[in-house]
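The values are calculated or read from the model by the stated rules, or taken from the named source; none is laboratory data. Predicted model only: the values in this text are computed from it and were never measured. All Cβ positions, even for glycine, are placed from backbone atoms using ideal geometry, and neighbour counts span all protein chains on display.
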């Protein structure tokens, strides 16, 4: 009961904008006494701040203003990309307070080497957080692959994973990332919960928490593979076994190109990064392939533009099936695709316009992510914070 | 509070199998006094029965046994099919107590004539219910089309509709079915809530309530058009605007056959009833087209078998996309398709096996509905009962 009420009170401050004990009581329906005592607990735990407000010339007691503590608990998000490592720290108000992104050759790399470097990135992010008075209370790591593991139950029935089961573009299988990372982290982070989550899921949640795309959407992103995630009424649709959101092998042209998966005509063969590069005969250079494609498209390279248009059409065909089936408010083009949106969206709009039948397709239904490739790491850090807001007793002791 | 607790107590009897006041208290966590008083209310409202149990030679007070009242409130389900009308009555224990199905030429029929005949079917079902001591407390009508209307909020955030917005195979537009039907119903039904719902949604809910297909599935059915519905963790996925579940225009062969919808290669052009009939050059006879197809397939008619195999493959392609995206536990083949399952499922299994990538596809994941074409009308009646179980105060006053 106290646990639920602490969450109720913190949500009143965080989401309903209550800024006094009286408003907290109004919003929550708790008595003033109960609300006041729970507010005090949250202040003592460092989650809520109370600032005195001078009333200048007015008569009476100066009132105080409640707000989320911007020098309190924070979430540390980390990311293992195919060609980069990332970190970011998000405070209780969902503000991104620091971010780090560095190139890293993770394709086929020994997990231990990558995790060692990730721990160094985490240490740097921790320093920057501490300089701002922030204290990470949990760590979440975004990975481009399937996650699993001990699967502790988290809040709202969600599940917390610790293992990379299979990340084909990293070449990783059954890497106990949370445990291995924890031993390498600085002391201030070593005892925190560490969660491992799929980057497409976190990218989608980042749109929910930081974007302006509504609470019902299909998010499609690319980092080497094609990732997708479905958000229904503000909740990630995980599927019966947690594998939902596989759009890359949606059959687009069933009698078309052979796919290494054994099937034919999968979306990835038309809209995956490798497929686009090979369709326009660009050298598969190491480094930032998406930047290369964007540069060439901007320079009017005709084969590149044609390959991106073909990719956009394939994405549009696959997504029109998804829209007809799920009826989302928006389709969000995120991750690396967002950097290529200028050349992908015309073909997508054509196919969505022709094939969405549940209602007339409005071009505004296709939204390009403003978070772009930073979505997953923002989502990782924010997921830690959202967990604290949902259950402050985990921090308030 | 009382409302929530009444629901808690009724659910203890209905779902948890509590059969004494003491067990109700244990299951609900209420005090014995509170549980006992709520049980008495439910008995007074006719929702719960208390039967004395003789203890034979044993010493002590004879105990009593609680159960749902099988002579109490019931749900009346009605159905407007393209070629039939239907009715059924379901009691509080979800048992189907009576059912009526009669041919009716509803394709392109004047709505008033069809609704008049539906009211007569309802009157017959009411008689049969009353003979068994049952009292309908609500009416739900399954229709093959898009529903809408005033959209009162129902329980659990679901919405209750009263209008057929568009039913292409009936040729109906903006028919205020609930209001028109109510004026024609016998007195005992005239003041009841009347809900209008899409038959594919109700067919899927019938599988949830009467079938053995789990709580996470994609249900695909056919009655003239192709209908689908997605159930996630026991809840119908309605989509942002209530239009989810449109599988018929999933692009299967994007460069393929033109569809009247204006697009190309939609599933309906390969697996819809009309498409199958025209693919095997069968006369489009009036009457039961599905029975005709089944008879011919059983009689080894090669073009019919080939057309059904082609339909099965197209269904398999469309559904493998849905499975990859949503990760359901099962795919359920229902409605008219269930009568053709013998010839549809081999092609479906082939495509699902080749194209589902989120996990190895197991043939047991494709389930043929045992309810077949009676799913929607069972679902309609049961939805009324489920509403009572979720909120008994609507009946208990």
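Details
- Of all residues in the stretch A:220-255, those that are in a strand (DSSP E or B), facing another protein chain (nearest Cβ under 7 Å) and surrounded by fewer than 24 Cβ atoms within 10 Å (Cβ to Cβ) total 1.
- Looking across the stretch B:101-120 at every residue that is in a helix (DSSP H, G or I) and without any contact (Cβ under 8 Å) to a residue 40 or more places away in the chain, the one that is surrounded by the most Cβ atoms within 10 Å (Cβ to Cβ) is identified as B:117.
- Boolean, residue A:294 is more than 11 Å from chain B (Cβ to nearest Cβ), in contact (Cβ under 8 Å) with a residue 40 or more places away in the chain, in a helix (DSSP H, G or I) and surrounded by 24 or more Cβ atoms within 10 Å (Cβ to Cβ): no
- Residue B:197, sole failed condition from (1) in a loop (DSSP other than H, G, I, E, B); (2) assigned by TED's automatic domain parsing to the domain that holds residue B:169: (1)
- Residue within the stretch B:279-289 that is closer than 29 Å to residue B:104 by Cα, buried (at least 18 other Cβ atoms within 10 Å of the Cβ) and within 8 Å of chain A (Cβ to nearest Cβ) present: no
- Qualifying residues in the stretch B:216-236 (those that are at pLDDT 90 or above and more than 14 Å from the chain's Cα centre (by Cα)) - the one nearest to residue B:264 (Cα to Cα): B:226
- Residue that is nearest to the chain's Cα centre (by Cα) [pool: residues in the stretch B:203-215 that are more than 11 Å from chain A (Cβ to nearest Cβ) and in a loop (DSSP other than H, G, I, E, B)]: B:211
- Among the numbered conditions (1) in contact with a helix residue (DSSP H, G or I) (Cβ under 7 Å, 6 or more places away or on another chain); (2) within 20 Å of residue A:144 (Cβ to Cβ), the only one that residue A:243 does not meet is (1).
- Residue list for the stretch B:9-22, filter: touching a residue at least 24 places away in the same chain (Cβ under 8 Å) and in a helix (DSSP H, G or I): B:9, B:10, B:11, B:13, B:14, B:21
- Selection from the stretch A:314-337 of residues that are more than 8 Å from every other protein chain (Cβ to nearest Cβ) and touching a residue at least 40 places away in the same chain (Cβ under 8 Å): A:314, A:315, A:319, A:323, A:330, A:331, A:332, A:333, A:334, A:335, A:336, A:337
- Within the set A:261, A:280, A:266, the sole residue that is touching a helix residue (DSSP H, G or I) at 6+ places or on another chain (Cβ under 6 Å) and free of Cβ contacts under 8 Å to residues at least 40 places away in the same chain turns out to be A:280.
- Test: residue in the stretch B:57-65 that is part of a strand (DSSP E or B), over 18 Å from the mean Cα position of the chain (by Cα) and at pLDDT below 95: yes
- Here the stretch A:74-96 is the region considered, the condition is being in a strand (DSSP E or B) and surrounded by fewer than 21 Cβ atoms within 10 Å (Cβ to Cβ), and the residue that is farthest from the chain's Cα centre (by Cα) is A:84.
- Of note, residue B:258 does not satisfy the criterion of being surrounded by fewer than 17 Cβ atoms within 10 Å (Cβ to Cβ) and more than 12 Å from chain A (Cβ to nearest Cβ).
- Residue satisfying condition, being out of contact with any helix residue (DSSP H, G or I) (no Cβ under 8 Å at 6 or more places or on another chain) and modelled with pLDDT under 95, within set A:387, A:373, A:289, A:359: A:359
- Tally of residues being crowded, with 23+ Cβ neighbours inside 10 Å and assigned to a loop (DSSP other than H, G, I, E, B) across the stretch B:121-144: 2
- Check on residue B:174, surrounded by fewer than 24 Cβ atoms within 10 Å (Cβ to Cβ), under 21 Å from residue A:357 (Cα atoms), away from chain A (no Cβ under 11 Å) and without any contact (Cβ under 8 Å) to a residue 60 or more places away in the chain: yes
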